[in-house]
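A short write-up of the structure that comes next.
The values are calculated or read from the model by the stated rules, or taken from the named source; none is laboratory data. From a predicted model like this one, the values you see are computed outputs, not experimental measurements. FYI the Cβ positions are ideal-geometry reconstructions off the backbone, even for glycines, and counts take in every protein chain you see. Remember, those area values only see protein heavy atoms, side chains included, never the ligands or the DNA or RNA. Shrake-Rupley method; radii C 1.70, N 1.55, O 1.52, S 1.80 Å.
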Amino acid sequence: MSDVKSHIQAYWRGRSATYDRFPASRKEEEEIQAYEAVLGRYIPPNRAEILDVGAGTGFFSLLLAQKGHRITALDLTREMLDRAREKAAALNLNLNFVIGDAENLPFESESFDFVVSRWLLWTLPHPNRAVLEWKRVLKPGGCVLCIDGLWHSNGLTGRLKAVCRKAGLILYNRTKPSDLGYSEEVSSQLPFRRGVEPEQAVEQFRQCGLSDITRETLHEIRRIRARNMPLLYRLSLAPATELIKGVKE
């Protein structure tokens, strides 16, 4: 494993115990239902083989498993998957949990009907390599669904959002902002370290040979998140979250 991957793995290992407590990670029932509606527009109800890549503590994995799909949840960090495994056990759900690298998947080609990811593309050193891997493990006609967004912008607005976020961490979570986020050494090796603009994700999919590429701005999910978050976190929210879809021919 490369040094940057080791640092990323260690960072999320440290975040695993408290990750679900942060407002950006907590999910109200209304938001869960909104995500179900979004995914339902792309994933038919008949049972599918789905890879949740960068599964973290299992939000997408559990949501889709509850719909009857066969889920493989992959993450670089064992401790994040341990949280997901605990949740699955509490819900009596049977998932396949795999520790692995999103850029070098430990699966045979043409193994899955869908590959889903949420808030992952920004944190990859080689996003192009990852999307090629996701395409490789898809069956012909299979679909990649990637949710991400532009989290940090330049200019005055971006700086004000950053101030609100840091103040929120101190006030609401009693957390020092310096304790969160990658080091500059790691961030400098991430092409999308500030987040992913929709046009960038579309181009990434196109370069990797995916077809029928579409994008959807998840306005309703952002509205719900803003309404349910404390004021300072609400002010620091990204302008939009986008879902990018691509199909393997």
Neighbourhood net charge (14 Å Cβ-Cβ; Lys/Arg +1, Asp/Glu -1) for Pro125: -2
Label point distance in nm, Gln207-Asp3, each placed 7 Å from Cα along Cα→Cβ: 2.4
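Starting from the residue with the highest accessible area, list Tyr35, Tyr11 in decreasing order, probe 1.4 Å.
Final ranking, largest accessible area leading: Tyr11, Tyr35.
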Label the stretch 1-69 by shape, choosing from rounded, prolate and oblate, from the square roots a ≥ b ≥ c of the eigenvalues of the Cα gyration tensor; if a/c is under 1.5 it is rounded, and otherwise prolate applies when a/b is larger than b/c, oblate when it is not. oblate
What number comes out for the charge environment of Leu138, summing +1 per Lys or Arg and -1 per Asp or Glu over other residues with Cβ under 9 Å away? +2
Heavy-atom accessible area of Arg194 with all protein chains present, probe 1.4 Å, nearest 10 Å²? 110
Once you sort the root eigenvalues of the Cα gyration tensor of the stretch 1-121 as a ≥ b ≥ c, which label holds: rounded (a/c under 1.5), prolate (a/b larger than b/c) or oblate (the other case)? oblate
Add +1 for every Lys or Arg and -1 for every Asp or Glu among the other residues with Cβ under 10 Å from the Cβ of Tyr42, and state the total. +1
Can you pull the one-decimal nm distance between simple spin-label points at His219 and Asn92, each 7 Å off the Cα toward Cβ? 4.1
Rounded to the nearest 0.05, what FRET efficiency do Tyr42 and Ser109 give with R0 = 22 Å and r taken as the Cβ-Cβ distance? Could you check? 0.50
Calculated FRET efficiency for the pair Ile32/Arg136, C-beta based, R₀ 22 Å, to 0.05: 0.10
